[in-house]
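To keep things clear, I will list the structure first and then write my remarks on it.
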């Protein structure tokens with residue numbers, strides 16, 4: 001048996017590295033895919049919530065839109081206002097007990113992380129849509145573009161670019177927050193750590209390894225997202241096209 | 001019934017209790033170049049924005065080819081495609097290249113093919129002297145260039161009329177000339193109807209068929225530039241022009 005801290009680190013790594021890596025991979029893909037699902041949910045919720053109310057002269061449409069908007073804001077409030085861990089328990093065991101559905105853990109993780117982060121994402125996207133200058137919308141309107149064309153071609157591309165740093169932040173937060181999924185026995189990184197530390201009762205050593213692994217994942221992700229942001233802003237320079245008879249692109 | 005392009009009758013606009021436009025009446029014939037002048041905050045821009053319903057009028061009527069633009073079955077988007085607008089702050093789509101700015105309205109609203117739209121966009125970018133910059137993004141070019149692209153974007157829609165909302169007011173003095181040159185060319189050669197809210201007295205004087213002087217949300221005087229600039233009937237018009245021309 002090792003006697004020093006570093007000795008234990010090496011020993012534990014040698015004993016558990018396949019499990020630890022598998023746990024890290026699980027954490028990574030749950031948080032990444034979960035955030036991707038949340039992004040889509042957030043986008044849809046924010047776009048629907050930002051549509052102008054139809055006129056009261058069409059009462060059926062008016063009240064349907066108002067009811068939908070109410071449900072969407074209720075969704076945001078409920079999922080932002082309760083802890084992820086509690087949501088995991090309620091959804092997973094609730095479905096099992098009352099609907100007799102035993103969700104596969106992978107699906108359950110996606111649903112829980114997606115719905116939870118989707119609520120935050122909806123608010124992030126809403127602020128992104130609001131951050132787009134009103135003049136952009138007016139210019140699109142003045143060309144005769146419809147609300148949806150304006151959203152699709154002008155507002156959303158700019159809104160998404162503006163919120164990308166916050167979206168990246170959510171991915172990083174989720175890498176860590178997926179650790180609470182251990183309550184429904186998803187074998188992500190923290191869950192693996194719990195079983196590994198139990199064997200030799202070396203909590204400090206095991207969790208030091210776990211902490212380092214989380215840090216490597218989150219640091220790598222934030223670098224990746226920085227790169228994506230740069231890509232989305234586009235090239236800093238442009239080419240002068242001298243002879244417009246021969247267009248420079250297909 | 002008349003063959004007027006626009007007929008504006010008793011137009012009113014208030015924001016809450018604040019009345020911005022009071023009983024505006026005037027007609028625009030096809031092909032006319034009309035300058036709207038007056039001190040800032042007098043409702044000139046609001047008038048223009050009511051004409052393409054970026055602001056909803058609160059009273060009166062606006063007719064386009066004898067059709068009420070606030071009527072219940074009026075196709076607003078189709079109308080806006082025919083009524084171009086050039087903004088003080090340019091409002092180029094910042095997520096698109098110069099070329100795409102001039103293409104998106106054509107493909108989405110007029111349903112032109114991409115290649116046809118690009119060809120038309122290049123034609124007008126060339127006209128405003130911006131063809132070389134078609135792959136640039138708006139924040140990479142100067143204000144004067146942006147405004148010229150904005151004019152090309154509007155021209156690409158082949159509108160019947162263009163509304164210019166103080167197109168040179170946000171520009172540094174040395175950049176105003178290049179935009180005025182483009183507008184001058186349009187006023188003289190294109191046959192387009194132009195409604196221009198402007199502080200450029202030289203443009204109003206030399207290039208318009210009519211000059212409308214506004215004060216406190218009303219039209220004070222509406223006449224040919226020679227009358228307005230040389231022999232205005234209303235003392236308030238004279239006062240305003242003396243102040244404007246003294247500055248230059």
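The values are calculated or read from the model by the stated rules, or taken from the named source; none is laboratory data. This is a predicted model, so every value here is computed, not measured. Ideal geometry is used to build each Cβ from the backbone, glycine not excepted, and the neighbour counts take in all protein chains shown.
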| In segment A:62-90, what count of residues is obtained for those that are surrounded by 12 or more Cβ atoms within 10 Å (Cβ to Cβ), over 22 Å from the mean Cα position of the chain (by Cα) and free of Cβ contacts under 8 Å to residues at least 12 places away in the same chain? | 3
| note | Matching residues in segment B:124-140 (facing chain A (nearest Cβ under 9 Å) and either part of a helix (DSSP H, G or I) or in contact with a strand residue (DSSP E or B) (Cβ under 6 Å, 6 or more places away or on another chain) (or both)) number 6
| message | I'd like the full set of residues that are under 18 Å from residue B:164 (Cα atoms) and in contact with a strand residue (DSSP E or B) (Cβ under 6 Å, 6 or more places away or on another chain), limited to segment B:8-30. | response | B:8, B:26, B:27, B:28, B:30
| query | Which condition does residue B:165 not pass, out of (1) more than 12 Å from every other protein chain (Cβ to nearest Cβ); (2) touching a strand residue (DSSP E or B) at 6+ places or on another chain (Cβ under 9 Å); (3) crowded, with 22+ Cβ neighbours inside 10 Å, if it passes all the others? | reply | (1)
| request: Among the numbered conditions (1) over 20 Å from residue B:193 (Cα atoms); (2) more than 18 Å from the chain's Cα centre (by Cα), tell me where residue B:68 comes up short. | output: (1)
| What tally of residues in segment B:109-121 results from selecting those that are assigned to a helix (DSSP H, G or I), facing chain A (nearest Cβ under 9 Å) and within 27 Å of residue B:197 (Cα to Cα)? | 0
| Which residues, counting only those in segment A:22-61, are in contact (Cβ under 8 Å) with a residue 40 or more places away in the chain and over 23 Å from residue A:152 (Cα atoms)? | A:22, A:23, A:24, A:26, A:27, A:28, A:30, A:31, A:32, A:33, A:34
| note | Here the residues within segment B:74-83 that are under 16 Å from residue B:165 (Cα atoms) and at the interface with another protein chain (Cβ under 7 Å from one of its Cβ atoms) are B:80
| message | Of the residues A:112, A:101, A:37, A:129, only one is over 16 Å from residue A:182 (Cα atoms) and under 16 Å from the mean Cα position of the chain (by Cα); which? | response | A:37
| message | Please verify whether residue B:106 is part of a helix (DSSP H, G or I), modelled with pLDDT of 95 or more, away from every other protein chain (no Cβ under 12 Å) and over 13 Å from the mean Cα position of the chain (by Cα), treating the condition exactly as stated. | response | no
